[in-house]
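Okay, structure first, notes after.
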Amino acid sequence: MLLDFLPFFTLAKNDLETFESCEGGDRHSFPEPTVRLEGAMSEGLRALSVALEYGLPVVRLRRVWGIEDRMIHGPWWEMTFDSLMRLSGVMYDVGL
C-alpha cells in the first residue's frame, strides 16, 4: 500500500468520514500530507486519537471553513502529517 494513502485508509477504516487526501509536496494540492474529514466538534478529537493509536505522525489538526463564490461553507477537519512520512519508507501498522 502506498504511504500517501495510509492516513486516509486508516481513518476511513475506523468509521471517520474522510473526503479528501493528498500526499503533499511540489505540484500537489497541499504542501504536506493532509487528510480532510467531515464531522462535528468531537470527530476531530476522535480522528486524532485514531491516528495517534496507529502511530501516524500527526503534526496539526485544524477546524476549517472555505470560501466559494464569496460564500462561507464548512466547517470540516483538516489533519496534516509530518512531511517525512512520504519519504521515510516506513510502513505503519494500520491493520489493512
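The values are calculated or read from the model by the stated rules, or taken from the named source; none is laboratory data. Here the structure is a predicted model, which means the values were calculated and not measured. Note that each Cβ is placed from the backbone with ideal geometry, even for glycine, and that neighbours are counted across all protein chains shown.
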Could you check, for the range 41-52, whether at least one of its residues is in a loop (DSSP other than H, G, I, E, B), of a type in the set (A, V, I, L, M, F, W, C) and either in contact with a Ser or Thr (Cβ under 6 Å, 6 or more places away or on another chain) or over 18 Å from residue 83 (Cβ atoms) (or both)?
-> no
Taking the range 61-77 as the search range and keeping residues that are over 17 Å from residue 14 (Cα atoms) and touching a residue at least 12 places away in the same chain (Cβ under 8 Å), which one is surrounded by the most Cβ atoms within 10 Å (Cβ to Cβ)?
-> 76
Which one is nearest to residue 77 (Cα to Cα), of the residues in the range 8-26 that are among the charged types (D, E, K, R) and at pLDDT below 90?
-> 23
When residues of the range 54-96 are filtered for being of a type in the set (Asp, Glu), outside any loop (DSSP other than H, G, I, E, B) and either modelled with pLDDT under 65 or under 16 Å from residue 32 (Cα atoms) (or both), how many remain?
-> 1
Residue hits (the range 5-42; among the acidic types (Asp, Glu) and either surrounded by fewer than 17 Cβ atoms within 10 Å (Cβ to Cβ) or out of contact with any strand residue (DSSP E or B) (no Cβ under 7 Å at 6 or more places or on another chain) (or both)) are 15, 17, 20, 23, 26, 38
Kindly list, by first and then second residue, each pair from a residue in the range 35-60 that is within 10 Å of residue 77 (Cα to Cα) to a residue that is modelled with pLDDT under 95 and assigned to a helix (DSSP H, G or I), limited to pairs with Cβ atoms under 8 Å and residues at least 6 apart or on different chains.
-> 35/7; 35/8; 35/11; 37/11; 47/11
